[in-house]
Structures are given as structure tokens and as C-alpha cells.
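Remarks on the structure that follows.
The values are calculated or read from the model by the stated rules, or taken from the named source; none is laboratory data. Predicted model, so just to flag it, every value in this text is computed and none were measured. All Cβ positions, even for glycine, are placed from backbone atoms using ideal geometry, and neighbour counts span all protein chains on display.
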Amino acid sequence: LDEMALGGGERPAGELAPNDLEAFWMPFTSNRAFKKRPRIVASAKDMHYYTPDGRAVLDGCSGLWCTNPGHNREPIVAAIQKAAGELDFGPTFQFGHPGAFRLASRIAALAPGDLDHVFFCNSGSEAVDTALKIALAYHNATGNSSRTRLIGRERGYHGVGFGGISVGGMVANRRTFGTMLTGVDHLPTTYDRKNQAFTKGEPEYGAHFADELERLVGLHDASTIAAVIVEPMAGSTGVIPAPQGYLKRLREICDKYGILLIFDEVITGYGRLGYAFAAERYGVQPDLITFAKGITAGAVPMGGVIARKHVHDAFMKGPEHMVELFHGYTYSAHPLACAAGLATLDLYRDEDLFARAKALEPYWADAVMSLKDKPGVLDIRTVGITGAIDLPAREGLPGQRGYEAIERAFHEEGVMIRTAGDTMVMTPPLIISNEQVDELIGKVGRVIEKVM
Ligand code: PMP
């Protein structure tokens, strides 16, 4: 085992033996390379992870875009501990428990306009499949059962369920799986380096990419189209903020043709862009919002869908004893997740963290943009507390630079970053101080110099 990852010299008691690495088939990871040189974190607090030997690693990506208020915050930990001793499992099929109702009310109050009903699941992928199913069932319930087509976007990421990889726009997610949903189209990506390079926030260029929806309506007829799903900012494919006016334009076209608009806010929800939801930042009300990650600060898995009143109410029309939507998960609104969610929302409110993120955005954007002149940098994008730096692909080895960057950052600089291919992505917790921003950017700058 790598000494730096697990502690120099002697292995601390209770840590991993070499054989322990075998059985875990790691997700989204080069398993063989990782297991030769593992990067292990054993604990976390606020802005830092700690390796088993106690080395601090500055968290530049909020775990995986989820620990928005920082790690292991005391009120969240206490709420989970308390809940674990009270109600281990609370069924939400035909029974209920208080936490589920309370959390749904709190989320509904936070969401803009009449987005006021919440369906719970356990991850972003489940949230996406749930939203797509609600959209299809909605049209069925309102007498428009011919509306079955779904429209996603190139370079969209919507998790790994079959629905999500079908509407998503990442070839790598689909290539090896064969079967997909049929009747799916994709809008073009809104990214155009030639006209947008080194933009802070929403680029001026690109609202017209929404007009492609008109073309798809012309091609298929509106009577066949159920929903459009987009991320207000494409996160996992490298931080691509919506161009100015783009989301409004999508909303107008959807309204014109009776198409439901879904915002996948798994990343943008809960403060990442300085608001509870990106829908608020952009002044655009979608019909459905998916969320996950930041709702529980990553501490307990949870995801969900927020529906506007007219969508929800369309289901509430049959005989009262009928199940209105035949969909759900054993662990929908799990008591531990609800407790974590309530405590997390309290923390966002008590520390005014969304406003804090908004206030920090200019400083953050300037800091990220200061890496512009580092060797090889092709583009930098920032919006809210996110930043992405494109490096040139190493010929024949796509993603190799990204992999090297992660390695060097973790082992040499003591910082955790993520990459999407050759794009380095930064999304630190919203509690990051100006000094920690400088530290993070300094370390990332050194990593770029080394990998280039
Ligand atoms: N949608 C978006 C926009 C995401 O960014 C992600 C995860 N990064 C997902 C869905 C899937 O979430 P999960 O990994 O929790 O299934």
C-alpha cells in the first residue's frame, strides 16, 4: 500500500490490509490503477478530509458536490444520531412518519412559486427517473397519452438509471449498455468555446441554442413530446452555465407547446449558485425540479422531485382510495435522511449560506480566473461557487491529464479536486474562507504547472 495514502511506516491499527482492497468494485474509478496507489480518507471536518494518518486534505469539491455546508457539521451529526435511536425505518407506503412531512413542507417553502409538492427517493439518478415517469404519467392523466417523447441535451448528465443515461448526453455512459429508452432527442450543448471562452457567470452568447426545441417540435409534432430535461448549469460534464436568456427561451417554447420543463438541480440546488435553487437565480419556473446531494449535505443518501401544483393536482382526480402514482422506493423519505435534511436546511438558514455563496461569487470567480495564464489552459468557466479549467487532452489518452491532476493534487498538494475528462472541476463547500480560496487556487495552479 502506498505509504502516503495510508500513513508513513507502520500501518495504524484498524486500517486496511492489502487484501482489503480487492473486493470493493469501485464506481467510476480505474480500479486497477487506484488499488496500486490508493487515496484513502478516513474522517472529515468542515473544509477538510483527513487521511488515516491524520494528514489534512483541503476539500475542493464538497465531496462530490454535496457537502455544501462543510463536513460533519455538529447540528447535522446530532440530528442523525438522535433520529437513529428513535425510528430506524419508517415506511412511507400507506404509513407515514413526521420527519417526511416536515421536510417536504420545508422544501416546498424554499422552492420558488407553486413548486409545492415533494416526492422523495434516495439519489439523483432515482430523482431523474422519478421526474421522467411523473412527466409521462402526467400527460397520461390529462388525456395526452401520445406525449411520450423525452428531450435531453448533449453534454447533459442525469445520473445512471436507464432514463438518465437515455436523456443524458454523455456517450461514455451509454456506449457499453446497448438498450436505451426509445423516443429520445437531444438539444445541442450550449457550450461554444469560440464565443464564450473565459466567461465569468452566464455567457452572453448562446440563448439561440434553445431554438432547436422549435425544430424538434416541427419534426415530431408537439402532441408527441412529453418533457424537456436540462441542468441549469451542466456540472458533471465540466461546469457549463446556461447562456443569458437561454432558460427563459426554453420555458417560452415549452409553454407554447404544452411541454413540461424539468430542471435537474441535483448539483445546482441548495446554494451552489447562491440561491436555494437555480430556478430562482434565473427567474424561470420549471414544472419539476430534481434534487439530491445538498439536501442532506451528503451525510445520508436522499434525492427527490419537487412538482408544481398543476402537475401534482392532475393526479388527484380519481376515486379517493386509488393509488395516484404507482411509484416509490422502500427507502423513500427514510427517517435518517429526513432528520439530516431538516438539520441541513436549518444550518443553511441559520448561517445564511446561500447569501454567503452569492456574496463570495465575485471573489471566487476572480480567483479561479487568475489561473488563466497557467500553461496549456484552454478555457476557464465559473458560476456560483463552481469553477472549471479545461486542459488539452493528452493525445491517445483521453482523461489522462485529469487522472494525473487528481493524483498530484491529493498526494503532493493535499487537496481534493475532481476532473471530468481533461477538465478540472472545483466546487468547495460554501463556508470556504477567502484565505482558503487562495490556498485552493494556489495548489491547483501548482498542479496544472506539474501536469502540463
Ligand atoms: N443529475 C445530475 C445533474 C447530477 O449531477 C448527478 C450526479 N452528479 C445525478 C443526476 C445523479 O445523482 P446520483 O449520483 O446521486 O445518482
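Can you spot a residue in segment 50-67 that is surrounded by fewer than 17 Cβ atoms within 10 Å (Cβ to Cβ), modelled with pLDDT of 95 or more and in a helix (DSSP H, G or I)?
Checked segment 50-67: at least one residue is surrounded by fewer than 17 Cβ atoms within 10 Å (Cβ to Cβ), modelled with pLDDT of 95 or more and in a helix (DSSP H, G or I).
Among (1) at pLDDT 95 or above; (2) farther than 24 Å from VAL167 by Cβ; (3) away from the ligand (no atom under 11 Å from the Cβ), there is one condition GLY318 misses while meeting the rest; what is its number?
GLY318 satisfies every listed condition except (1).
Select, from THR148, THR179, the only residue that is of a type in the set (S, T, N, Q), in contact with a Leu (Cβ under 9 Å, 6 or more places away or on another chain) and surrounded by fewer than 20 Cβ atoms within 10 Å (Cβ to Cβ).
Details: THR179 fails: in contact with a Leu (Cβ under 9 Å, 6 or more places away or on another chain).
Of the residues listed, the single one that is of a type in the set (S, T, N, Q), in contact with a Leu (Cβ under 9 Å, 6 or more places away or on another chain) and surrounded by fewer than 20 Cβ atoms within 10 Å (Cβ to Cβ) is THR148.
Could you list, in sequence order, the residues of segment 421-452 that are of a type in the set (S, T, N, Q), out of contact with any helix residue (DSSP H, G or I) (no Cβ under 7 Å at 6 or more places or on another chain) and surrounded by fewer than 16 Cβ atoms within 10 Å (Cβ to Cβ)?
Scanning segment 421-452 gives a single hit, SER433.
Give the residue, chosen from LEU397, LEU353, LEU371, LEU336, that is under 30 Å from VAL77 (Cβ atoms), out of contact with any Asp or Glu (no Cβ under 9 Å at 6 or more places or on another chain) and among the aliphatic types (A, V, I, L, M). Walk me through how you get there before you give the answer.
Working: LEU397 fails: under 30 Å from VAL77 (Cβ atoms); LEU371 fails: under 30 Å from VAL77 (Cβ atoms); LEU336 fails: out of contact with any Asp or Glu (no Cβ under 9 Å at 6 or more places or on another chain).
Matching residue, one of LEU397, LEU353, LEU371, LEU336: LEU353.
Within segment 398-420, take every residue that is surrounded by fewer than 18 Cβ atoms within 10 Å (Cβ to Cβ) and among the small types (Gly, Ala, Ser) and give me the one that is farthest from HIS71 (Cα to Cα).
Only one residue tops the list, namely GLY399.
How about segment 90-109: which of its residues are farther than 22 Å from MET322 by Cβ and surrounded by 20 or more Cβ atoms within 10 Å (Cβ to Cβ)? Don't jump to the end; show me each part of the working.
So in segment 90-109, the residues farther than 22 Å from MET322 by Cβ come out as 90, 97-99, 102-103, 105-109.
Those that are farther than 22 Å from MET322 by Cβ and surrounded by 20 or more Cβ atoms within 10 Å (Cβ to Cβ): GLY99, LEU103, ILE107.
For segment 1-32, which residues satisfy the criterion of being modelled with pLDDT of 90 or more, not basic (Lys, Arg) and not in a loop (DSSP other than H, G, I, E, B)?
LEU21, ASN31, listed by residue number.
Run down GLY113, GLY156 and say which single residue is away from the ligand (no atom under 14 Å from the Cβ), touching a residue at least 40 places away in the same chain (Cβ under 8 Å) and not basic (Lys, Arg).
Numbers: GLY156 fails: away from the ligand (no atom under 14 Å from the Cβ).
Only one candidate passes the filter, namely GLY113.
Kindly provide the set of residues from segment 424-452 that are modelled with pLDDT of 95 or more and among the β-branched types (Val, Ile, Thr), ordered by number.
Selection gives VAL425, THR427, ILE431, ILE432, VAL437, ILE441, VAL444, VAL447, ILE448.
Would you point out the residue of segment 119-138, among those that are away from the ligand (no atom under 16 Å from the Cβ) and surrounded by fewer than 23 Cβ atoms within 10 Å (Cβ to Cβ), that is nearest to SER166 (Cα to Cα)? Break it down stepwise before answering.
Of the residues in segment 119-138, the ones away from the ligand (no atom under 16 Å from the Cβ) are 136-138.
Within this subset, residues satisfying the condition of being surrounded by fewer than 23 Cβ atoms within 10 Å (Cβ to Cβ) are 136-137.
Working: LEU136: 15, ALA137: 18 Å.
Out of the qualifying residues, it is LEU136.
Could you list all residues from segment 282-327 that are among the aliphatic types (A, V, I, L, M) and touching a Lys or Arg at 6+ places or on another chain (Cβ under 6 Å)? Even if it seems obvious, please write down each step before you answer.
Going residue by residue through segment 282-327, those that are among the aliphatic types (A, V, I, L, M) are 284, 288-289, 292, 295, 297, 299-300, 302, 305-307, 311, 314, 316, 322-323, 325.
Scanning segment 282-327 gives a single hit, VAL284.
How do the pairs read when you match residues in segment 124-147 that are in the same structural domain as LYS317 (by TED's automatic domain parsing) and within 12 Å of ALA226 (Cα to Cα) with residues anywhere that are within 15 Å of the ligand (Cβ to nearest atom) and assigned to a helix (DSSP H, G or I), using Cβ under 6 Å and keeping only pairs 6 or more apart or on different chains?
These pairs meet every condition: LEU132/GLY163.
Could you go through segment 392-407 and let me know if any residue there is touching a Phe, Trp or Tyr at 6+ places or on another chain (Cβ under 9 Å) and either touching a residue at least 24 places away in the same chain (Cβ under 8 Å) or not aliphatic (A, V, I, L, M) (or both).
no
Quick grid of which residues meet (1) within 20 Å of the chain's Cα centre (by Cα); (2) surrounded by fewer than 21 Cβ atoms within 10 Å (Cβ to Cβ); (3) within 13 Å of the ligand (Cβ to nearest atom); (4) among the charged types (D, E, K, R):
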| residue | (1), (2), (3), (4) |
| --- | --- |
| PHE291 | yes, no, yes, no |
| VAL311 | no, no, no, no |
| ALA314 | no, yes, no, no |
| LEU336 | no, no, no, no |
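Could you give every pair whose Cβ atoms fall below 8 Å, whose first residue belongs to segment 46-73 and is hydroxyl-bearing (Ser, Thr, Tyr), and whose second residue is surrounded by fewer than 21 Cβ atoms within 10 Å (Cβ to Cβ) and part of a loop (DSSP other than H, G, I, E, B), counting only separations of at least 6 or pairs across chains?
TYR49/VAL41; TYR50/VAL41; TYR50/ALA42; THR51/GLY7; THR51/ILE40; THR51/VAL41; THR51/ALA42
In contact with a Cys (Cβ under 7 Å, 6 or more places away or on another chain), in a helix (DSSP H, G or I) and away from the ligand (no atom under 16 Å from the Cβ): does that describe ALA100?
Details: in contact with a Cys (Cβ under 7 Å, 6 or more places away or on another chain): yes; in a helix (DSSP H, G or I): yes; away from the ligand (no atom under 16 Å from the Cβ): yes.
For ALA100, the condition - in contact with a Cys (Cβ under 7 Å, 6 or more places away or on another chain), in a helix (DSSP H, G or I) and away from the ligand (no atom under 16 Å from the Cβ) - is met.
Only residues that are over 20 Å from LEU216 (Cα atoms) and within 14 Å of the ligand (Cβ to nearest atom): list them for segment 244-278, please. Lay out the reasoning, then the answer.
In the first step, residues of segment 244-278 are kept if they are over 20 Å from LEU216 (Cα atoms); the result is 244, 264-278.
Matches in segment 244-278: ASP264, GLU265, VAL266, ILE267, THR268, GLY269, TYR270, ARG272, LEU273, PHE277, ALA278.
Would you mind stating whether VAL300 is within 19 Å of the chain's Cα centre (by Cα) and assigned to a loop (DSSP other than H, G, I, E, B)? Break it down stepwise before answering.
On the way: within 19 Å of the chain's Cα centre (by Cα): yes; assigned to a loop (DSSP other than H, G, I, E, B): yes.
Yes; evaluated as a whole, the condition is true for this residue.
Mind checking which residues of segment 203-243 are within 16 Å of the ligand (Cβ to nearest atom), surrounded by fewer than 23 Cβ atoms within 10 Å (Cβ to Cβ) and on the phi > 0 side of the Ramachandran plot?
The one that is within 16 Å of the ligand (Cβ to nearest atom), surrounded by fewer than 23 Cβ atoms within 10 Å (Cβ to Cβ) and on the phi > 0 side of the Ramachandran plot: GLY238.
Please return the ranges of strands (runs of 3 or more DSSP E) entirely within segment 375-427 where 3 or more residues are not hydrophobic (A, V, I, L, M, F, W, C).
By residue number, 379-383, 386-390.
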